Amino acid sequence: MAFICGRVCLCRGDGGRLGDGGFFPAVLVAIVWLRGFNFFNVRFLGRMLLCGLAGLLFYLLLPLLAVASHKVPATFWQLLKFNLVTPHDVLRTYFAYGLHPQQHLELLSLCWLT
């Protein structure tokens, strides 16, 4: 179980789809729910932290490869900012203009009509 939870943190860090990083609190609640009081084990928390940091290192990979290839006329920090702007904007837009939960139910009910 701890191996699976560690892999969840590793996968959450790389942001496979845009905006997945914003669901980190929900993933954390799910892991606490599954593990119960075993979640507060120091060894487990240490592994979760290390796997999460390893996953976040993937954000640095593309800017590093671009700078190392010398084919892109930009600095590392410009490329990193470009890499992080899209997930940030997706989350900001969703929370600013997201639908109310009742509106989600209304849309689901319209899907059943067709």
Got a number for residues in region 24-48 being surrounded by 11 or more Cβ atoms within 10 Å (Cβ to Cβ) and either in contact (Cβ under 8 Å) with a residue 40 or more places away in the chain or aromatic (Phe, Trp, Tyr) (or both)? 5
Of all residues in region 61-107, how many are at pLDDT below 90, part of a helix (DSSP H, G or I), of a type outside the set (Gly, Ala, Ser) and closer than 21 Å to Phe24 by Cα? 15
If Phe3 satisfies every condition in (1) surrounded by 11 or more Cβ atoms within 10 Å (Cβ to Cβ); (2) modelled with pLDDT under 50 but one, which is the exception? (1)
Please identify the pairs in which a residue from region 72-95 that is more than 20 Å from Leu57 (Cα to Cα) has its Cβ atom under 6 Å from the Cβ atom of a residue that is modelled with pLDDT of 80 or more, counting only partners at least 6 apart or on another chain. Val72/Ala66
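The values are calculated or read from the model by the stated rules, or taken from the named source; none is laboratory data. Remember, it's a predicted structure, so these values are computed and weren't measured experimentally. So basically every Cβ, Gly included, is an ideal-geometry build from the backbone, and we count neighbours across all protein chains shown.
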